[in-house]
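First the structure, in the form of C-alpha cells, and then the observations on it.
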Amino acid sequence: MKRYYKSLRITLFGITLLLGSCESDKNLLTEVPPTFYTIDNVFSTASQVDQVLVTLYSQLRSIWGNNVLRGNGTDMIDVPSIRKSSAFNDYGNISPDRSEFYSIYSGWYLMISRANLAIHAANQPQIPWPSESEKAYSIAQARFFRAFAYLNLAELFGGVPIVKEIVTEPRYDFQRASRVDTYQFVIDELLAIENNLPETTVQGGRLVRGAAQHTLSRACLAQGIQLTAEGNTGAAQKAFNQSIAYADKVINGGIFGLMKSRFGARAKETSVTINVYKNGVTTNEIVNKVNFTPNVFWDLFQESNVNYQDGNKESIWTLQVDYAAYRAGDNNSVLPYARNFGPVFRDYAKDHFTGTAEDLGGRGIAGVIPTWYARDLIYEGKWANDMRNSDIVFRRIFIANVPSSPYYGKVVPWEVIYNGSTNATTNQINQSLVFPISCKIATDKFTGLADGENRSNLFRDDYFIRLSETVLQRAEAKQRLGDKNGAAADINLLRERAQCSYLVTAADVDDQFNLILDERARELLYEEFRWNTLLRMGGTIAVDRIRKYAFWPEAKVTLTFNYNLWPIPNTVIDTNKDVKMAQNEGWKGR
C-alpha cells in the first residue's frame with residue numbers, strides 16, 4: 001500500500017459536490033438534464049470505488065494518532081505538568097460535553113458513512129469489475145471497516161444506532177441498539193466477509209483474513225463479557241469459546257507466528273551504539289557512547305521490519321508510512337512519535353542534559369507520558385528480567401552531556417534525574433516530563449536528517465494488529481471460561497519470547513484481570529487503544545485502575561463515581577430530537 005494515499009482523488013466532499021452539479025447552468029434549467037450526477041451514477045470504474053476505500057485506510061491512520069484513544073487518562077498514559085489542561089482523568093472537567101467524546105464518536109460514524117458509500121458504489125451495475133473476486137474483496141474491505149467502527153463504538157459507548165445504508169436526508173430518529181446486538185452486528189459482518197479477504201497480500205497494509213479473524217475473536221470476547229454482565233451465562237460461554245476458536249485460526253493457522261529470533265533489516269547488528277555529544281550538538285566532540293545489545297523485540301519496531309511482506313510473521317495488519325510520499329506533500333505519512341511521546345530532558349533535567357540528538361530520543365515535547373505503572377511498576381521485582389524491559393527496548397541509560405554537570409560523560413542515576421531539586425513540586429514536574437524511552441517511539445537512526453528533518457518523526461510503518469494481541473485475547477477468553485492454566489500458558493508464549501526469567505502460573509491469574517492487563521501493558525504500550533480494553537472489561541475495572549495508577553492526584557480526588565462506558569455525547573442526544581436517546585450510567589446529569 002506504499003504511496004497509495006498519494007493517489008486519493010475522491011473524497012466525500014468531492015462526491016457531495018458532484019451530486020449537486022450538472023453539465024452547465026443552462027442544462028440545469030432543462031426538465032431532464034442529460035448528465036445529472038447522482039449517488040448511483042457518479043461512480044463508473046472500480047478504481048473510483050477503491051479510492052473511497054483509500055479514504056478509509058487514511059482515516060484509520062489519522063484515528064490511530066489520537067492521544068485519548070491511545071490511553072490518555074488511563075492507567076498507562078497521562079499528561080505532563082505543562083499539558084494538564086488536556087488531562088483526561090480530571091473529572092472536575094470531564095462531562096458528556098467534553099469535545100473528545102464527540103470527536104471520537106462522530107469519527108467512527110464518519111468511517112461508517114464512508115464504508116456504506118463504498119458498499120453502495122461497489123454494487124452499482126455500471127461498474128465493470130475485472131473479476132467477481134476483486135469486487136468481493138472491495139466490498140469485504142468496506143464491510144470490515146464498518147464492522148471495525150461499530151466494534152470500537154460498542155466498546156467505548158455501548159449499544160449505538162446501527163446504520164447500514166447511505167443517509168441522504170437529515171434524520172433525528174436514530175435508535176440505540178443494545179450493546180450485545182451491536183457486537184452481534186460486528187460478528188455477522190465479519191463472518192460474511194472472512195473468506196473474501198486473502199490470507200496474504202503482496203501490497204503491505206491491505207486487509208487480510210487474519211485481521212478479520214482477530215477482530216472476530218475480539219468482538220466475541222467483548223460480547224461474552226457483556227452477556228455475563230447481563231446474567232446470560234450460557235450465551236457468554238458460547239461467545240468465549242468462539243473467541244478462542246477465531247484466535248486459534250490466527251495463531252495456529254500456519255500463516256502467522258511470533259517472531260522468536262533476530263530478523264529483518266538490522267538482524268546482523270550485534271551491537272547498537274549511540275554517541276553522546278558535548279552539549280547535545282552533533283558537530284561537537286563525542287564525550288561518551290552508549291552501547292546496547294539488540295534483540296528480536298527491538299527488531300519488531302525497526303524501519304523495513306514491520307510488514308508481513310518484510311518477513312515479519314507476527315504482523316497481521318499495518319498502517320503504511322512512506323517518506324517519499326511525505327516529502328511529496330502527504331503530511332500524514334509520518335509517525336510523530338518521537339515528538340509526541342518523547343521526554344523533554346533538555347528543559348527538565350537541564351543541569352545534566354541538553355539537545356535533541358539520538359542520545360535523548362530526539363525532539364520530544366511530551367504530548368503524553370507513561371505513568372509510573374507503565375514505566376516502572378510492571379517491571380518491579382520478579383517481573384524485571386524481561387526483554388521488553390531491556391535497555392535497548394525501554395532505554396533507561398542516559399549520559400550527561402552538559403560540561404558543568406558532576407556526571408558529565410557518565411550515566412546519571414534516576415534518583416538524581418527525578419529528585420535533583422530541593423523543591424518537591426519541581427521534582428514532580430520534572431518527573432512528569434522525563435522518563436525512559438521506548439524503542440517504539442524513537443530510534444538511533446532518524447530518517448531525513450539530510451533533508452532537514454529534526455528528529456521529531458519516525459518513517460516506519462506501524463501495527464494495527466500484531467499477533468501478540470491475539471494471544472492475549474485468547475488468554476483472556478480462556479480465563480473467563482475458568483481455564484486459568486490455559487490463560488497462563490498463553491501469556492507465557494509472550495513471556496518465553498521475551499526471555500523472562502519468571503513464567504506465570506494459574507496462581508498468578510487473578511479475578512480482576514490484573515495479570516492480563518499488566519501483560520498487555522508490557523507488550524502493547526504505545527500500541528493498543530487502552531480505553532477500549534479497559535471499558536470492554538466491564539465492572540469497575542477501568543475506574544479502579546485509573547484511581548490507582550493515574551499520575552496526578554486529581555484523578556483520585558475527582559473520580560467519585562463509577563462508570564464502565566463513556567457517555568453518549570450530549571450533542572448527539574440533543575440533535576436526535578425525535579427519539580429520546582438514553583445516557584449511559586454514571587453520566588446522567590453530569
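Residue 402: surrounded by 22 or more Cβ atoms within 10 Å (Cβ to Cβ), hydrophobic (A, V, I, L, M, F, W, C) and on the phi < 0 side of the Ramachandran plot, yes or no? No; evaluated as a whole, the condition is false for this residue.
When 301, 297 are screened for being in a loop (DSSP other than H, G, I, E, B) and either modelled with pLDDT of 95 or more or within 23 Å of residue 77 (Cβ to Cβ) (or both), only 301 passes. I'd like to check something: does segment 450-463 contain any residue that is surrounded by fewer than 18 Cβ atoms within 10 Å (Cβ to Cβ) and more than 26 Å from residue 306 (Cα to Cα)? Checking segment 450-463: not a single residue is surrounded by fewer than 18 Cβ atoms within 10 Å (Cβ to Cβ) and more than 26 Å from residue 306 (Cα to Cα).
When each of 355, 361 is tested for being touching a Pro at 6+ places or on another chain (Cβ under 7 Å), crowded, with 16+ Cβ neighbours inside 10 Å and either under 24 Å from residue 288 (Cβ atoms) or not assigned by TED's automatic domain parsing to the domain that holds residue 293 (or both), the lone residue that passes is 361. Kindly indicate whether residue 112 is on the phi < 0 side of the Ramachandran plot and in a loop (DSSP other than H, G, I, E, B). Answer is no for this residue.
Within segment 311-318, not a single residue is assigned to a loop (DSSP other than H, G, I, E, B), surrounded by 15 or more Cβ atoms within 10 Å (Cβ to Cβ) and of a type in the set (Phe, Trp, Tyr).
Candidates 507, 521, 487, 475: the one that is of a type in the set (A, V, I, L, M), part of a helix (DSSP H, G or I), surrounded by fewer than 22 Cβ atoms within 10 Å (Cβ to Cβ) and modelled with pLDDT of 95 or more is 507.
If the condition is being among the hydroxyl-bearing types (Ser, Thr, Tyr) and in a loop (DSSP other than H, G, I, E, B), then segment 449-472 contributes only 456.
Every condition in (1) surrounded by fewer than 17 Cβ atoms within 10 Å (Cβ to Cβ); (2) in a helix (DSSP H, G or I); (3) touching a residue at least 40 places away in the same chain (Cβ under 8 Å) holds for residue 579 except the one numbered (2). Only a single criterion out of (1) crowded, with 21+ Cβ neighbours inside 10 Å; (2) out of contact with any Phe, Trp or Tyr (no Cβ under 8 Å at 6 or more places or on another chain); (3) assigned to a loop (DSSP other than H, G, I, E, B) is not satisfied by residue 75, namely (2). Screening 325, 338, 384, 400 for residues that are under 21 Å from residue 519 (Cα atoms) and either without any contact (Cβ under 8 Å) to a residue 60 or more places away in the chain or assigned by TED's automatic domain parsing to the domain that holds residue 441 (or both) leaves exactly one candidate, 384. Take residue 215 and decide whether it is at pLDDT 95 or above and either under 24 Å from residue 490 (Cα atoms) or crowded, with 16+ Cβ neighbours inside 10 Å (or both). In short, yes.
The values are calculated or read from the model by the stated rules, or taken from the named source; none is laboratory data. For clarity, every value in this text was computed on a predicted model and none was experimentally measured. Reconstructed Cβ throughout: ideal geometry from the backbone, glycine too, with neighbour counts over all protein chains shown.
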